[in-house]
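Following: one structure in structure tokens, then a few remarks.
The values are calculated or read from the model by the stated rules, or taken from the named source; none is laboratory data. Since the model is a prediction, treat every value here as computed from it, not as a measurement. Cβ atoms come from the backbone with ideal geometry, glycine included; neighbour counts cover every protein chain shown. These accessible areas exclude ligands, DNA and RNA; they are computed on the full protein's heavy atoms, side chains included. Shrake-Rupley method; radii C 1.70, N 1.55, O 1.52, S 1.80 Å.
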Amino acid sequence: MEVLRDSIESYREEFSRKGIALKEKISRNANAISFADRERLNQLFANLLENSLRYTNPGGTLEIVTEIGGDFITIEFQDSKPGVSAQDIERLFERFYRVEGSRNRDSGGAGLGLTISKKIVDAHEGIISAHSSPLGGLLIRISMPVFEGHK
Ligand SMILES: Nc1ncnc2c1ncn2[C@@H]1O[C@H](COP(=O)(O)OP(=O)(O)OP(=O)(O)O)[C@@H](O)[C@H]1O
Ligand SMILES: [Mg+2]
């Protein structure tokens, strides 16, 4: 998962500047999805890192955890407050959907990041879903098939 590590490193300074703790637990044999399109994966991870950076309160946390089980690798991005209400969680992957709120208006995003992320995951025959995080914010879970020989 070189690409995941690289994406994280390129955001580390911005997280520390905003006072958000960035923690990761990436399994060592997580080279599993090396069949995937590197540039697209980088875009996927950047979208999720960018969201946590933009929407998580200063002083908060983003935790990234990977796990390999059977034929799938699971990658979780979970952050702390404020997160997204249950009602909004259902709509996050819709095109142009943005949760009402002052920080949103300030940040000027298009509401496309998660839509594009879902398309990238779909193209790799994976699954992406949104939940509320035990840390108090949003949890995005990605599950992608592992190729034989990369397990
Ligand atoms: N980690 C998060 N914590 C809280 N809210 C989030 C988080 N990630 C996404 N959201 C909410 O989901 C909405 C949709 O996210 P998405 O990445 O699709 O678009 P965006 O960030 O608004 O714009 P873009 O990514 O196109 O610049 C955001 O506007 C925000 O309201
Ligand atoms: Mg975004």
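When a/c reaches 1.5 or more, the comparison of a/b and b/c decides; with that in mind, is the chain rounded, prolate or oblate per its Cα gyration tensor? Write down the numbers at each step before the final one.
Details: a/c = 1.81, a/b = 1.44, b/c = 1.26.
Since a/c reaches 1.5 and a/b is larger than b/c, the shape of the chain is classed as prolate.
Note on K18 and I127: their simple-model spin labels are 2.9 nm apart, each label 7 Å out from Cα toward Cβ. If you build a Gaussian network model of the chain, linking Cα atoms that sit under 10 Å apart, which residue out of T66, T56, T115 swings the most? Comparing T66, T56, T115 in the GNM, the peak value goes to T115. Accessible area of M1 (1.4 Å probe, protein heavy atoms only, ligands and nucleic acids ignored): about 10 Å². Comparing K119, K25, K81 in a Gaussian network model of the chain, where Cα atoms under 10 Å apart are tied by springs, the biggest mean-square fluctuation is seen for K25. Rounded to the nearest 20, the Cβ-based charge dipole of the range 1-145 about its Cα centre (Lys and Arg +1, Asp and Glu -1) stands at 360 debye.
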